[in-house]
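Report on the following structure.
What follows is calculated from the coordinates using simple rules that are stated; it is not laboratory data. It should be emphasised that the depicted structure is a prediction, and the values quoted were computed from it without experimental measurement. Here the Cβ positions follow ideal geometry from the backbone for every residue, glycine too, while neighbour counts run over all protein chains shown.
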């Protein structure tokens, strides 16, 4: 039984030009202690999926138009505003892409950490402070006692992301959403942060939704994988199977565009064109405008079907 | 005699050229894809459309009041210049009364020879002048002051702002020194002092307002230029060996243009208001020119009269309020479209 | 911090000197002592009278270089040095209007100005912050929409209309307050209420809209999203996270205005007959009392510089990111 199950999620945006179907029928599930990766180019709607789970879809233009997000046999989308809020930060936590701006510059780190504990009514201030310092130590921040009273600008980017991780895990959540947690960091720091996330996940048995565009990170950290293109899932399955033998033309393109250790000196492949704007996604298969295999029948909408290798794929030409 | 014609033609031409130039610039900008998009977005806001219509209406009256021809009187078989007659006066020629008359009053002291027997829709003032006509005339003063002052400020503010922001160091120190010294003097006091020295007059007022208000524009342009200077496109232009002159005017200027546009439109209403305040202090336009400031100033004691004389101030105020409101709304829309910071929007997904 | 303030004062000195230079040019280069004398004594005054007046005021000296004076006085006994010296030592001399010391006048006039500007400042700040918070809380709803619409309406009315309109309504029609005037002691409350009301109302539209823009800008920041993701309730997000960030520019902006409270408000004081510094400036202007105008401008400039320094200090006090170098 999955811990969290997203079924046919649709999140739309009302824009002056019309309705943008930024997330249009996305399904996947999270399991306890496992990592699910959500992969796609920027603009494919993967961040919006995480906002939908958190109940943070930007208002007033964005809204969830349909689908279910089942958590412990209840639909999160049907939760009242205040009930959703009591879940947020306690049962479901989130880490953001930009550690530089994600922390409030005018409050001390300790203040922002304690706030999270106090809101969810876990104990007194003294106990909360103790817990925060412990957590800071656990995420590998040297001198947590002094750091507790420092302000975000006094920390480096990597340190800030560690604080964000500490903040997210303080309340021992069931689900952790990590939205491109390492994109804004240096390569050397990236590995440290990912290792830390892995370690913490193992320790707290958290289910993690890892949102990224980096297939390298996915192969090392995730258990299952969902690949999104233009608001739709194009391929879904076990990480090893998908990455070893990708089925969908888009996944194949993504993998071919990764630099390889085995064939140095070869010109790198790139998928032609860019992700279309959410306001004018093409009819039918949304990838057909960039797909090298596109044919007439791609103007019809492909459905997600299970292939022989148990991978789900949305393409007419895969069996 | 010819010189009077030339004088009037030149004046009319000047206004036509300025307005034509403005229209031409907008049309040229409309050909650019980005600006075309901006204009389209502005046009999609209803309040901007209404404001634009109102501003055009005012501009039309301004134009009518700016195109003039000389009027001569035959004295002893010689043509003697009487005054310049504007198109507005041709269309609307109210009679002059002896003193106050209420709104909708019929012409009473009409010159026998004058055929038109009409009414004063907004009454007359203490001197018997038609209030509506004065309000119409006030449009010309407002646009002249707003427009001419903007024409004075723009080159100074933009040039020094760009130079200071782009070159930094000595140039920046000098420019900031000059404008922080000017900014240090309370604006209204400096205006008063300048007007005291220059004397009353529309041109003098424009120069005085220009001296005090180029500072704001310059400061904004400087700040924005400093931001743009460190952008990649400037760095790459420099790496390609382009001259400073070319980088400043070809690359940076178009990128600070939107801020210049917003600032000057929103400043326009401030300038119109400044005229009113200075006219009250007796330092604005000369009292014989009909301006809204002078009308409001005249009406100070009128409200305490019995029966109350309210039409002078109400007319002047309405004309002024509608113009300033339209300019503010229009400027606001432009700013909302051009400056993404003020837009109410959610997190980008 | 002490060295920082000292350095800021040193930076301010050249600017103050620039102001001295500007006032000198304005009053001596652009107008001659003779025109000043004629304006004071009247157009028909005899030449000898004018000459003796100019001599008495010491305005017959050369601008920069006195060839007739001996030694060092060649440079010091000039209009320019007199001008600078009078400003530096705050010896503004006597007013042309009634021959009384200008400095005393300024000091006595600052009191009435403060009794009017201080309440306007405090109430205005309180009201505009409260309203902008409300609009930010209800952003993108009808409350916000119509609220900002009203603000633009309020901004588009020139202050004289507010003054004349409220004077007419409260004094002529309702006869609640005297139209204008001044009294000493507690009696002044009668006179001061209407100007304060007008002052607050006239400034409200612009400042609410300005503060609202600052707050709305803060609501789009990433830290707001983080705060929400922690499950904080909306009012904690607004009143703790957003407010403290928005208060930095708002408060420092307000600190800038504090020194100017002494200067009063030119128009309002004049209309309501408040004997403050603002109406002093207008009186000086109408009677061509150049030394008084000069003194007011100079003091205004100094207050402006003090305002700048106070702003910098308050930034460093409220924003942890700013430290004194």
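What is the distance in Å between the Cα centroid of region B:139-198 and that of region A:245-313? So the two Cα centres are separated by 58 Å. Across region C:106-318, Cα pairs under 8 Å and at least six residues apart give a relative contact order of 30 percent. In this calculation the C-beta distance from residue A:154 to residue A:308 is compared with R0 = 51 Å, giving a FRET efficiency of 0.40.
Find the percent of Cα-Cα distances in the protein assembly as shown that exceed 37 Å, and round it to a whole number. Result: 62 percent of Cα pairs exceed 37 Å.
Rounded to whole Å, give me the distance from the Cα center of region C:97-144 to that of region B:318-332. Cα centres, region C:97-144 to region B:318-332: 25 Å. For region A:1-149, what D do you get in µm² per second when you plug the Kirkwood radius from alpha-carbon pairs into Stokes-Einstein at 20 °C and 1.002 mPa s? In µm²/s, the coefficient is 122. Build a GNM of chain B with springs between Cα atoms under 10 Å apart, and of B:335, B:267, B:31 the one that fluctuates most is B:31.
Computed on region C:41-87, the Cα convex hull volume stands at 86 Å³ per residue. Between residue B:23 and residue B:308, the contour length at 0.36 nm per residue exceeds the alpha carbon distance by 98.2 nm. Judged by the mean number of other Cβ atoms found within 10 Å, the most tightly packed of the peptides A:129-135, B:123-129 leads the ranking B:123-129, A:129-135. Does region A:141-287 come out rounded, prolate or oblate by the C-alpha gyration tensor, with a ≥ b ≥ c the root eigenvalues, rounded set by a/c under 1.5 and, if not, prolate when a/b is larger than b/c and oblate if not? Prolate shape, in that a/c is at least 1.5 and a/b is the bigger ratio.
Subtracting the Cα-Cα distance of residue A:73 and residue A:241 from 0.36 nm times their residue separation leaves 57.5 nm of extension gain.
For the residues B:53, B:282, B:157, a GNM of chain B with alpha-carbon springs under 10 Å puts the largest fluctuation on B:53. Highest-first packing order for the peptide set B:239-246, A:40-47, A:194-201 is A:40-47, A:194-201, B:239-246, based on the mean count of other beta carbon atoms within 10 Å. Put in line by how crowded their Cβ is, counting other Cβ atoms within 10 Å and starting with the fewest, C:241, B:258 read B:258, C:241. Classify chain C: rounded, prolate or oblate, from the alpha-carbon gyration tensor (a ≥ b ≥ c, eigenvalue square roots; a/c under 1.5 rounded; otherwise prolate if a/b is larger than b/c)? Judged from the Cα gyration tensor, chain C comes out oblate (a/c at least 1.5, b/c at or above a/b). Residues B:306, A:186, C:99 in ascending order of nearby Cβ atoms (within 10 Å, fewest first): B:306, C:99, A:186. Taking the C-alpha atoms only, the angle from helix A:125-138 to the longest principal axis of chain A is near 50 degrees. Length, then width, then depth: along the principal axes, the Cα atoms of chain B run 79, 49, 40 Å. Mean sequence separation of contacting Cα pairs (under 8 Å, at least six apart), scaled by the length of chain B, corresponds to a relative contact order of 18 percent.
With the simple spin-label model, which puts each label point 7 Å out from Cα in the Cβ direction, the residue B:226 to residue C:257 separation comes to 2.5 nm. Note on residue B:33 and residue C:98: with the Förster distance fixed at 60 Å, the Cβ-Cβ geometry gives a FRET efficiency of about 0.35. Taking a point 7 Å from the Cα of residue A:319 along the Cα-to-Cβ direction, the residues of region A:269-302 with backbone N closer than 20 Å to it are A:293-298, A:302. Take every pair of alpha-carbon atoms less than 8 Å apart whose residues are at least six positions apart; their mean separation over the length of region B:2-91 yields a relative contact order of 31 percent. Legend: calculated FRET efficiency, residue B:197 to residue C:210, from the Cβ-Cβ distance at R0 = 41 Å, rounded to 0.05, equals 0.80. Take the alpha carbon atoms of region C:222-272, find their center, do the same for region B:9-40, and report the distance between the two centers in whole angstrom. About 40 Å separates the Cα centre of region C:222-272 from the one of region B:9-40.
Specify whether the C-alpha gyration tensor of region B:136-196 places it in the rounded, prolate or oblate class, a ≥ b ≥ c being the square roots of the eigenvalues: rounded for a/c under 1.5, otherwise prolate if a/b is larger than b/c and oblate if not. Mind dumping the intermediate values first?
On the way: a/c = 4.77, a/b = 1.68, b/c = 2.84.
Verdict is oblate for region B:136-196.
Compute the angle between helix B:33-43 and the longest alpha-carbon principal axis of chain B, please, reported from 0 to 90 degrees and rounded to the nearest 10. Helix B:33-43 and the main axis of chain B meet at about 40 degrees. Here region B:7-33 is scanned for amide nitrogen atoms under 17 Å from the site 7 Å beyond the Cα of residue B:261 along Cα-to-Cβ, giving B:21-33. Per residue, the convex hull spanned by the alpha carbons of region C:1-68 comes to 127 Å³. Hey, what angle do you get for helix A:109-119 against the long axis of chain A, alpha-carbon based, 0 to 90 degrees rounded to 10? Its long axis makes an angle of about 80 degrees. For chain A, modelled as a GNM whose springs connect Cα atoms under 10 angstrom apart, the maximal fluctuation among A:233, A:126, A:26 occurs at A:126. Put in order of Cβ neighbour count within 10 Å, fewest first, the listed residues B:231, A:94, C:215 become B:231, C:215, A:94. What the pair-distance distribution of chain A shows, using all Cα-Cα distances binned every 20 Å from zero, is 31, 56, 13, 0 percent.
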